[in-house]
Each structure stands twice: as C-alpha cells, then as structure tokens.
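Written below as structure tokens is the structure these notes are about.
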Amino acid sequence: MTNRNEPVTYDGGCHCGIVRFRVIVDKHEAIDCNCSICQKKGFLHLIVPPEQFTLLSGDQALTTYTFNTHTAKHTFCSICGIHPFYRPRSHPQAIDVNLRCLEGNVLSEFSIVPFDGANWEENAHKIKE
C-alpha cells in the first residue's frame, strides 16, 4: 500500500466503457463487505463525498436496483452489467465507488478493511466516510 499525503485523482468506468467517472481520493482505504449483494458482485467500497465524484459519461446507460430498505441505490451499466458506483445505505448522501472499476492496477495502493455486512444492524456504525 502506498501512503499518500495529498488527494489523488483516478478515472474509472464499467467494462464496456460507456460509463466513465473520475474520483478524488483522500484516504486510500476500501471496505470489503460480506453481505449478500457485495459478495456476489465482488464490490470493494471506496466511499467519497459527492463533490469528489464526477460522472463523465454514460448516465443514460445506468440502471438502478434497490432492495430491502430501498435506501441504497445500486447503479449498474445496462449494457455490460458492471456496478462501478452507487449510493450506499450507510452513507446515502455519498458515492460508493467500486475500487475494482478504477483504471490501472491500483488495488495495492489501498488498504482493504473487512466489514461484517452480513450482520448489518450490529455493524453499520463502524463504517466511516
């Protein structure tokens, strides 16, 4: 993992390239959640304030899925099915970027913190922006 003292800008997107975004990262830490949807998607959570996220293209290709409390807005590309970002239940005013959708081999630049989302109610307070 690389220690960074200044914000770093990353570009990312879906598999087919229709959805493109840019994100500014202050803290190189992501969450690996074991809840039912995160496990199936392989989502690694990088939660950022909305002002640090810019959707560059592909808004028209995004589709939203909700379940349970319908607080989280799980967006995905309707062409390739990849989930590059969404509005999380834990921080509904923030953007949760899928670390795996950033360009380049960046995983080693982040610390990955496990989170027991399978037991959401007992652990939700542990997630910080």
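Remarks
- Odd one out for Arg100 among (1) touching a residue at least 40 places away in the same chain (Cβ under 8 Å); (2) part of a strand (DSSP E or B); (3) surrounded by fewer than 18 Cβ atoms within 10 Å (Cβ to Cβ): (2)
- Looking across region 97-110, the residues that are more than 14 Å from Val8 (Cβ to Cβ) and not hydrophobic (A, V, I, L, M, F, W, C) come down to Asn98, Arg100, Asn105.
- Residue match in region 25-45 (condition: assigned to a strand (DSSP E or B), among the small types (Gly, Ala, Ser) and in contact (Cβ under 8 Å) with a residue 40 or more places away in the chain): yes
- Exactly one residue out of Phe43, Phe53 is out of contact with any Asp or Glu (no Cβ under 9 Å at 6 or more places or on another chain), among the aromatic types (Phe, Trp, Tyr) and modelled with pLDDT of 90 or more: that is Phe53.
- Residue satisfying all of: in region 17-47; under 16 Å from Arg89 (Cβ atoms) and of a type in the set (Val, Ile, Thr); surrounded by the most Cβ atoms within 10 Å (Cβ to Cβ) among these: Ile31
- On inspection, Glu6 qualifies as at pLDDT below 90, of a type outside the set (Lys, Arg) and more than 19 Å from Ala72 (Cα to Cα).
- Across region 49-80, the qualifying residues are those that are in contact (Cβ under 8 Å) with a residue 60 or more places away in the chain and not in a strand (DSSP E or B), and the one among them that is farthest from the chain's Cα centre (by Cα) is Ile79.
The values are calculated or read from the model by the stated rules, or taken from the named source; none is laboratory data. Because the structure is a prediction, the values reported are computed rather than measured. Counting neighbours? That spans all protein chains shown, and the Cβs are built from the backbone with ideal geometry, glycine included.
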